[in-house]
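See structure below.
All of the numbers you see were taken from the coordinates with simple rules; none came from a lab. Please read all numbers here as calculations on a predicted model, not as lab measurements. Here Cβ is always computed from backbone atoms with ideal geometry, including for glycine, and neighbour counts include all displayed protein chains.
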Amino acid sequence: MKKILILNGPNLNLLGVREKGIYGDQSFEVYFEALKSKFSDLELHYFQSNSEGAIVDKLHEVGFSFDGVVLNAGAYTHTSVAIADAIAAINTAVVEVHISNVHQREEFRHHSYLSKNCKGVILGFGFDSYRLGLESFKND
Ligand code: DQA
């Protein structure tokens, strides 16, 4: 069975509470349970951290054994050379996802340091962006 990690970055622990007009009213933990039932043919893991270093550490930890990472790095997408370098350093393919369509938002959200090192990018489909990210690994 393929092992896939969903990795959420800063402030994504507050999904369901935070800026509901942009991010919806569902908590990620509840959604993750639904994903696990839907993708019973994948071994799904979930990790969230608000710390850049913890995200880098997690990528190192899974990046030589897992089959894929679905990464929403939150605001670090737009700032983090360290996470971009970690994605480049590991063997596991990473798909970048965003809940919102960042291109419809502030200018500073239009640039991602991560995309260049990712297998692909999915954004703007709400929580469904994560499902689409997982689908991409099923078809590998
Ligand atoms: C986000 C978009 C980022 O710009 C923002 O900082 C987030 C969430 C998204 O999923 O739409 O925290 O990655």
Got a sec? Charge dipole of the chain, +1 on Cβ for Lys and Arg, -1 for Asp and Glu; which of Val102, Leu71, Phe28 is way out at the positive end?
Val102
Let me have the 222 nm mean residue ellipticity of the chain computed from DSSP H runs of 4+ only, each contributing -39500 (n - 2.57), with the sum over all residues rounded to the nearest 500.
-9500 deg cm²/dmol
Provide the per-residue ³J(HN,Hα) series for segment 34-42, in order, calculated from phi with Karplus coefficients 6.51, -1.76, 1.60 and θ = phi - 60°, each as a whole number of Hz, with x at glycine and proline positions.
5, 4, 4, 5, 5, 10, 5, 8, 10
